[in-house]
1. Over all directions, how big on average is the projection of the convex hull of the alpha-carbon atoms in the stretch 4-222, in square nanometres?
2. Could you check the simple spin-label distance between Asp202 and Ala130, using points 7 Å along Cα→Cβ, in nm with one decimal?
3. Pairs of lysine in the chain with Cα under 30 Å and at least 8 positions apart or on different chains: total?
4. Assigning unit charges at the beta carbon (Lys, Arg +1; Asp, Glu -1) and nothing else, what dipole magnitude in debye, to the nearest 20, does the chain show about its Cα centre?
5. Ignoring ligands, DNA and RNA, what percent of the accessible area of the stretch 227-285 is carbon or sulfur (1.4 Å)?
6. Would you mind checking which residues have amide H under 5 Å from Gly64's amide H? H placed 1.01 Å from N; only 5 or more apart, or other chain.
7. Rolling a 1.4 angstrom probe over the protein heavy atoms, how many square angstrom per residue are accessible across the chain?
8. Would you calculate the convex hull of the Cα atoms in the stretch 193-245 and tell me its volume per residue in Å³?
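The values are calculated or read from the model by the stated rules, or taken from the named source; none is laboratory data. Predicted, not measured: the structure shown is a model, and the values here were computed from it. Methodologically, a virtual Cβ is constructed for each residue, glycine included, from the backbone with ideal geometry; neighbour enumeration extends over all protein chains shown. Note: areas computed on protein heavy atoms with side chains; ligands, DNA, RNA excluded. Shrake-Rupley method; radii C 1.70, N 1.55, O 1.52, S 1.80 Å.
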Amino acid sequence: MLPLILRGLTKSYGGARVVDGLDLELEPGRCHGLLGPNGAGKTTTLRLALGLIGADAGSVDLLGYPMPAQAALARRKVGVVPQIDSLDPDFTVRENLLTYGRYFGMKGREIEARIPYLLEFSGLAGKADAPINNLSGGMKRRLTLARALVNDPDLIFLDEPTTGLDPQARHLIWQGLRRLIGQGRTLLLTTHFMDEAERLCDVISVLDQGRVIVRGSPRELIRQHIEPHVVEIFGDGLSEWQTCASTFCRRCETAGETLFCYTDAPEKVVEELENHPGLRYLHRPANLEDVFLKLTGRDLRD
Ligand code: ADP
């Protein structure tokens, strides 16, 4: 059974189509990325998938249940890590887990039995009795992840789980997410960090204007949509260089003071750049961010 099937999903707000005939299927045991610029419709898609809002057209099948009609049944095996932490600041870590577990109809004893595992999983062992306000941002995020696991979900929705975290905290969250994937759970992750998506996701759907514009593994998307090398060039004399850059680069893009040279033959570009001492450059392999910017553009969306 596919954990989530979205067919022809459509949702408008004030006459604007926010989700526009969207089709999406999640395969079990995989981490799926939902990427897109601000306003692309990612959060609305998650809300529709969870049955928190109803669609204008199309269907949602969540863990075999039609949504939103059978939302309560489906959500028993679903975990959610929302964009903004909604932990209760008046409660301790343990009390937060107990309260959340009760939403799923779990008994106190049952939740208590899971707490040591959840705290170990999230690197919060020994923090059961800590008040929420004593936790760092990274700890709160990890507790939100632990809380999403209280009902032992098969499918976990994660809406920008590492936004605002330092690199150490992000790595800890990634470790936890990899462990969940290793346990055969299905993850649906939205993120603005392309490196995060590249590291974690088996399949990525890029959304723009409420539609999936491409889908594939990070490696496939890079291979299919972008030249393999990028040379980023900046510094004095960029405009003169720019006029002859097309001789060396398959495709060039300018963003601010930087020229992005996309090429199959970076050695030629680098060799030519040695003749322009005023220019500085960075040569790197193409990545998912290059694909994302190529497909969705460099203009700000909000
Ligand atoms: P994303 O998560 O990709 O940034 P969202 O799904 O949050 O995109 O939003 C897509 C568009 O829908 C945005 O233009 C947003 O302002 C609009 N939108 C989302 N929810 C509502 C709502 N409840 N009422 C009106 N407009 C909304």
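1. On the way: hull surface 47.4 nm².
Mean projected area for the stretch 4-222: 11.9 nm², to one decimal.
2. Rounded to a tenth, the inter-label distance reads 3.3 nm.
3. Number of lysine pairs found: 13.
4. 1360 debye
5. On the way: 1720 of 3380 Å².
Roughly 51 percent of what the probe reaches on the stretch 227-285 is carbon or sulfur.
6. Amide H neighbours of Gly64: none.
7. Numbers: 14350 Å² over 302 residues.
Value returned for the chain: 48 Å² of accessible area per residue.
8. Numbers: hull volume 7.5 nm³, N = 53.
Each residue corresponds to 141 Å³ of Cα convex hull volume.
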